[in-house]
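**Student:** Below is a structure I'd like to ask you about.
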Amino acid sequence: MKRVLVVNFSQTGQLSDITAQLIGPLRDAGNEVHLETLQPENPFPFPWPIIDFVDAMPECVQLDAPPLKALGIPPATDFDLVILSYQVWFLSPGLPMTAFLKSQEGQRLLNGKPVVTLVACRNMWLSAQETMQRLIVEAGGQLRDHIAFTDRGHPLATFITTPRWVLTGKRDRFLGMPPAGVAPEEIDAASRFGRALADALSKGEETTGRAMLTGLRAVTVNPRLAISERAGRRAFGVWSKLIRAFGKRGQWQRRPALLVFSIYLITMVLTVVPTSLLLQWLFSPLLKPRLDRLRAQLEQPSGSQEFNLQKYDQ
Ligand SMILES: Cc1cc2nc3c(=O)[nH]c(=O)nc-3n(C[C@H](O)[C@H](O)[C@H](O)COP(=O)(O)O)c2cc1C
């Protein structure tokens with residue numbers, strides 16, 4: 001029997017549903033699982049009023065998270081494995097997870113522990129995961145596996161359906177575009193990771209330093225999106241510092257700068273993103289070797305291979 005800490009935050013319940021699929025087989029195998037749902041002291045709204053939505057960007061990017069309510073973990077509890085379930089907000093980890101990783105309690109819980117990260121988002125998680133890796137290392141944890149669930153709609157369609165979902169709460173089919181979010185059958189199939197982890201824990205593999213979830217198609221990276229993400233990340237870095245120079249999150253002094261940022265964001269999504277995807281598609285024969293290398297590197301540590309799918313699928 002092993003002790004597993006699962007740290008989770010979800011607004012719509014999508015990420016909690018995926019996390020529950022992992023936890024089920026871990027508990028069935030006799031492991032003790034503590035599920036900690038992060039609770040910000042001041043809850044984030046859902047659906048998000050547009051102004052609150054853009055106003056969250058600077059603090060997400062600068063990793064300046066508002067405090068959480070006290071955790072419900074009995075003091076001095078020691079865990080064998082930590083699973084961090086997080087969302088991506090503006091190419092960065094969502095603020096509740098950032099707050100956890102930067103807190104003293106979070107750092108104590110991660111220190112010296114093997115860590116598995118689980119993300120469910122639109123489709124741009126690479127920069128956020130880079131930040132997660134850094135924060136996990138800073139806390140003394142060891143990232144062992146990463147699992148990513150994304151919206152399989154076309155990247156351009158999800159630029160409309162995801163904001164519609166978080167700003168209005170509506171996620172159904174819209175103007176011929178598929179419903180927003182991770183497909184229900186993919187959520188159900190997430191239990192394979194729970195079964196594989198239960199198996200790994202029963203063999204003590206969490207202590208070996210190796211990935212435990214290879215061969216299960218844990219991540220699939222589109223390297224073209226990686227290039228757009230890098231550009232977006234750089235731009236968000238500049239905008240976040242500029243907007244923070246006007247005031248704190250929630251203060252009216254920031255509003256004019258937020259308005260300009262919103263116009264910039266919409267213009268980028270409508271012009272630069274499609275142009276960049278088109279150029280990359282046109283030059284794909286030339287870019288292919290570079291993109292293949294980038295994909296292999298970004299899919300570490302758990303990878304997109306499928307050799308263990310049959311063993312752990314129901
Ligand atoms: C403020 C905010 C910013 C977001 N930014 C991104 C992003 O940069 N990339 C991405 O893939 N998804 C982004 N999303 C989508 C979330 O990662 C997530 O899929 C969505 O909020 C639903 O999460 P939940 O079902 O766990 O509540 C964002 C959502 C919010 C609320």
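Here, each number is a calculation from the coordinates, and none is a lab measurement. Bear in mind that the values here come from a model prediction, so they are computed numbers and not experimental data. Heads up, the Cβs are rebuilt from the backbone with ideal geometry, glycines too, and the neighbour counts pull from every protein chain shown.
**Student:** For 26, 282, 298, which order do you get if you count the other beta carbons within 10 Å of each Cβ and list the fewest first?
**Tutor:** 282, 298, 26
**Student:** A further question on this structure: Find out how many positive minus negative residues lie around residue 78, taking Lys and Arg as positive, Asp and Glu as negative, among other residues whose Cβ is under 15 Å from that of residue 78.
**Tutor:** Residues near residue 78 contribute -1 overall.
**Student:** Within a 10 angstrom radius of the beta carbon, how do 127, 16 rank from fewest other beta carbons to most?
**Tutor:** Listed from fewest to most nearby Cβ atoms, that is 16, 127.
**Student:** Gap in Å between the Cα centre of region 133-199 and the Cα centre of region 244-314?
**Tutor:** 14 Å
**Student:** Another question, then. Hey, can you rank 50-58, 205-213, 109-117 by average C-beta count inside 10 Å, highest first?
**Tutor:** In decreasing order of mean packing, 50-58, 205-213, 109-117 become 109-117, 50-58, 205-213.
**Student:** Please arrange 1, 124 by counting, for each residue, the other beta carbons lying within 10 Å of its beta carbon, fewest first.
**Tutor:** 1, 124
**Student:** If each of residue 282 and residue 152 carries a label point 7 Å out from its Cα toward its Cβ, how far apart are those two points in nm?
**Tutor:** 3.1 nm
**Student:** A follow-up question, please. For region 8-48 and region 88-130, compute the distance between their C-alpha centroids and round to whole Å.
**Tutor:** Taking the Cα centre of region 88-130 as reference, the centre of region 8-48 is 14 Å away.
**Student:** Which order, highest average first, do 245-253, 65-73 follow once you tally other Cβ atoms within 10 Å for each residue and take the mean per peptide?
**Tutor:** 65-73, 245-253
**Student:** Cross-chain or 8 or more residues apart, Cα under 18 Å: how many lysine pairs in the chain fit that? Count them up, please.
**Tutor:** 6
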